[in-house]
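Q: Below: one structure in structure tokens.
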Protein chains: 2
Amino acid sequence: MSQSQGQLVIIGGAEDKEGDCKVLREFVRRAGGVNARIVVMTVATEMPREVGEDYIRVFERLGAENVRIVDTVHRDDASSPTYIEAVNKATGVFFTGGDQARITSILKDTELDAAIHQRYQEGIVIGGTSAGAAMMPDVMIVEGDSETNPRVNVVEMGPGMGFLPGIVVDQHFLQRGRLGRLLSALSQQPAVLGFGIDENTAVVVQDNKFEVVGEGAVTVVDVADIIHTNIDDILKDEAIAICGAKLHVLPDGYKFDLAARKPIVEADAPREVATTNA
Amino acid sequence: MSQSQGQLVIIGGAEDKEGDCKVLREFVRRAGGVNARIVVMTVATEMPREVGEDYIRVFERLGAENVRIVDTVHRDDASSPTYIEAVNKATGVFFTGGDQARITSILKDTELDAAIHQRYQEGIVIGGTSAGAAMMPDVMIVEGDSETNPRVNVVEMGPGMGFLPGIVVDQHFLQRGRLGRLLSALSQQPAVLGFGIDENTAVVVQDNKFEVVGEGAVTVVDVADIIHTNIDDILKDEAIAICGAKLHVLPDGYKFDLAARKPIVEADAPREVATTNA
């Protein structure tokens, strides 16, 4: 993992914007609280005005007054000095939901992309929800079927924005039944950690660790030490086998060490569940 | 696990009845093929005639001519000498889908239940789909939410029919996004193995091993060696944490050793996925 100074707030979609806004509150707090300067990137959505104004409203309600929308519709827009200056002054950059393929096709390897990465290295917070979460890794899920067993043709993968290498992110995870899709994605690329992030739930990454914030859970699938897979032997529409993956389900407050690939918990005494008559 | 001589065909629901009928074909073959004597138990469904006749049609199409319906509507029906004789002569007993609570409330601890277990010990095949799959363990999922993160109040558990102890079965697994529900069930009772069985897919149990047959996969979650759970500390509506579970996704043809709790595969050399630039 890269030794970035910045933080990531990777949200599984459908985060609360009306109630206590626990997840967005965490983003704003880490971006500097009432002194935050936030850029809302609406590149993923085809309704930038509505979506962008929703976020301005909630961020302002939480006390961040300095919020502006940057809406890049074409790659040319991503050279705009005004936009680059906005990013250069930002303490938080937030990517809305929409279509993750729009984020990479319009932004990737542009001057604005470089500016965002530069600011991230300098320590600001990059947030994203749904499509804005999917784009975080080096290789992302572009699109794919939910509620299916793992098969190669379930998912289309593509280059992501590269904020967090070595992982795959899926969002709306348990709400849309995406275990098969996440396993399909993991089996097709070098990443060994899959993050299945629930709705209204975030993975908050800092210093090569993450903490879970929100209503649901983050399902971490680790395929580093699997004992068997058939992925090299099957055709596109055949069922993937995976034997010996590790599974962690981490709700609010749980922490995970990305370098050690382990939840940070006191190891409990093994529960003798098999021999108990509960 | 008990040392039964019998076999189980545990089907995740929605098995093919029009095409090659791979899963039901397996049941009929193991029940004796064209010489099978099959009892179709319609206790789970409120449409016993329609559902039962569907199975008669498909079993007959596959060459099993000796098929009869046993429909127990009340517990009294489960003392019927005619029904008990039918079971005593059967080489295969098949439980249809419907509501698994009907199976246990009408059948459990009746003479007919005893007869079915006796025949199972003697070596016949017990099959079941959907509700007929859920009821197989000692403790079963009575009902519960799909597409949710694991919480205690997601599932209602109850006594099952006890054909395969030490496990929990969930069905329509990846098709209905039931990982959270299976984990909720597992965390609440002594079983350490959860079987998430996809639609048109079966776990075929014999000699303390199983083999997967069908279109989808069986997702096996093993919580025997977890390093942490919060299950003893949380209230009903709070999120369950599980750290260090094992996960196996097994498609058609894959085998699993229930005593060793391991897939039966040649151990591949560990793939150095993390260091490859694919």
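The values are calculated or read from the model by the stated rules, or taken from the named source; none is laboratory data. This is a predicted model, so every value here is computed, not measured. As a convention, Cβ positions derive from the backbone with ideal geometry for all residues, glycine included, and neighbour counts pool all protein chains shown. Quick note on the areas: whole protein, heavy atoms, side chains included, nothing else; ligands and nucleic acids left out. Shrake-Rupley method; radii C 1.70, N 1.55, O 1.52, S 1.80 Å.
Q: Is it true that A:Pro165 is at the interface with chain B (Cβ under 7 Å from one of its Cβ atoms), open to solvent by 10 Å² or more (accessible area, probe 1.4 Å) and part of a loop (DSSP other than H, G, I, E, B)? Full working, then the answer.
A: On the way: at the interface with chain B (Cβ under 7 Å from one of its Cβ atoms): no; open to solvent by 10 Å² or more (accessible area, probe 1.4 Å): yes; part of a loop (DSSP other than H, G, I, E, B): yes.
No: the conditions fail for A:Pro165.
Q: A follow-up question, please. Of the conditions (1) more than 30 Å from B:Ala86 (Cα to Cα); (2) of a type outside the set (S, T, N, Q); (3) touching an Asp or Glu at 6+ places or on another chain (Cβ under 7 Å), B:Ala131 fails just one. Which one is it?
A: Every listed condition holds for B:Ala131 apart from (1).
Q: Of these, B:Lys22, B:Lys17, which one is touching a helix residue (DSSP H, G or I) at 6+ places or on another chain (Cβ under 9 Å) and within 20 Å of B:Thr201 (Cα to Cα)?
A: Details: B:Lys22 fails: touching a helix residue (DSSP H, G or I) at 6+ places or on another chain (Cβ under 9 Å).
B:Lys17 is the lone residue from the list that is touching a helix residue (DSSP H, G or I) at 6+ places or on another chain (Cβ under 9 Å) and within 20 Å of B:Thr201 (Cα to Cα).
Q: Moving on. If B:Phe173 meets every condition in (1) within 18 Å of A:Leu250 (Cβ to Cβ); (2) in a loop (DSSP other than H, G, I, E, B); (3) within 15 Å of the chain's Cα centre (by Cα) apart from one, which number is that one?
A: Exception for B:Phe173: condition (1).
Q: Against the condition of a type in the set (S, T, N, Q), in contact with a helix residue (DSSP H, G or I) (Cβ under 7 Å, 6 or more places away or on another chain) and at the interface with chain A (Cβ under 8 Å from one of its Cβ atoms), how does B:Asn200 come out, does it pass? Give the derivation first.
A: Values: of a type in the set (S, T, N, Q): yes; in contact with a helix residue (DSSP H, G or I) (Cβ under 7 Å, 6 or more places away or on another chain): yes; at the interface with chain A (Cβ under 8 Å from one of its Cβ atoms): no.
In short, no.
Q: Residues to consider are A:Val223, A:Val218; find the one that is more than 17 Å from the chain's Cα centre (by Cα) and under 23 Å from A:Leu250 (Cα atoms).
A: Values: A:Val218 fails: more than 17 Å from the chain's Cα centre (by Cα).
From the options A:Val223, A:Val218, the qualifying one is A:Val223.
Q: Then there is this: Pairs only if they're at least six apart or on different chains, beta carbon under 9 angstrom, first in region B:248-261 and more than 9 Å from chain A (Cβ to nearest Cβ) and over 20 Å from B:Gly12 (Cβ atoms), second part of a strand (DSSP E or B) and among the aliphatic types (A, V, I, L, M); list them, first residue then second.
A: As it stands, the answer is B:Arg261/B:Leu193; B:Arg261/B:Val220, since those pairs meet every condition given.
Q: Looking only at region A:196-217, count how many residues are assigned to a loop (DSSP other than H, G, I, E, B) and open to solvent by 10 Å² or more (accessible area, probe 1.4 Å).
A: Applying the first criterion (assigned to a loop (DSSP other than H, G, I, E, B)) to region A:196-217 yields A:198-200, A:207-208, A:215-216.
Among the residues that remain, those that are also open to solvent by 10 Å² or more (accessible area, probe 1.4 Å) are: A:199-200, A:207-208, A:215.
So the answer is 5.
Q: Find the residue count for region B:240-264, including only residues that are outside any loop (DSSP other than H, G, I, E, B) and either open to solvent by 20 Å² or more (accessible area, probe 1.4 Å) or closer than 19 Å to A:Arg261 by Cβ (or both). So that I can check it myself, show each step before the final result.
A: Looking only at region B:240-264, we keep the residues that are outside any loop (DSSP other than H, G, I, E, B), and these are B:242-251, B:255-257, B:262-263.
If we keep only those that are either open to solvent by 20 Å² or more (accessible area, probe 1.4 Å) or closer than 19 Å to A:Arg261 by Cβ (or both) as well, we get B:242-248, B:255, B:257, B:262.
Summing the residues that are outside any loop (DSSP other than H, G, I, E, B) and either open to solvent by 20 Å² or more (accessible area, probe 1.4 Å) or closer than 19 Å to A:Arg261 by Cβ (or both) in region B:240-264 gives 10.
Q: Among the listed residues B:Gly52, B:Gly32, identify the single one that is among the small types (Gly, Ala, Ser) and at positive phi.
A: Working: B:Gly52 fails: at positive phi.
The conditions single out B:Gly32.
Q: Six or more apart or on different chains, Cβ atoms under 6 Å: show the pairs whose first residue is in region A:94-109 and within 20 Å of A:Val204 (Cβ to Cβ) and touching a residue at least 24 places away in the same chain (Cβ under 8 Å) and whose second is of a type outside the set (Ser, Thr, Tyr) and open to solvent by 20 Å² or more (accessible area, probe 1.4 Å).
A: A:Thr96/A:Val51
Q: While we're here: Residue check: is A:Glu143 charged (D, E, K, R) and closer than 19 Å to A:Gln175 by Cα? Spell out the reasoning first.
A: Numbers: charged (D, E, K, R): yes; closer than 19 Å to A:Gln175 by Cα: yes.
Yes: the conditions hold for A:Glu143.
Q: With the requirement that a residue be over 17 Å from the mean Cα position of the chain (by Cα) and part of a loop (DSSP other than H, G, I, E, B), what does region B:13-30 give you?
A: Across region B:13-30, the qualifying residues are B:Lys17, B:Glu18, B:Gly19, B:Asp20, B:Cys21.
Q: Continuing with this model, one more query. In this structure, does B:Leu186 turn out to be part of a helix (DSSP H, G or I) and either more than 10 Å from chain A (Cβ to nearest Cβ) or surrounded by 24 or more Cβ atoms within 10 Å (Cβ to Cβ) (or both)?
A: Numbers: part of a helix (DSSP H, G or I): yes; either more than 10 Å from chain A (Cβ to nearest Cβ) or surrounded by 24 or more Cβ atoms within 10 Å (Cβ to Cβ) (or both): yes.
Taking the combined requirement at face value, the residue satisfies it.
Residue-by-condition table, conditions (1) in a helix (DSSP H, G or I); (2) open to solvent by 40 Å² or more (accessible area, probe 1.4 Å):
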site: B:Arg49; (1), (2): yes, yes
site: B:Val67; (1), (2): no, no
site: B:Val73; (1), (2): no, yes
site: B:Val87; (1), (2): yes, no
site: B:Gly98; (1), (2): no, yes
site: B:Ala115; (1), (2): yes, no
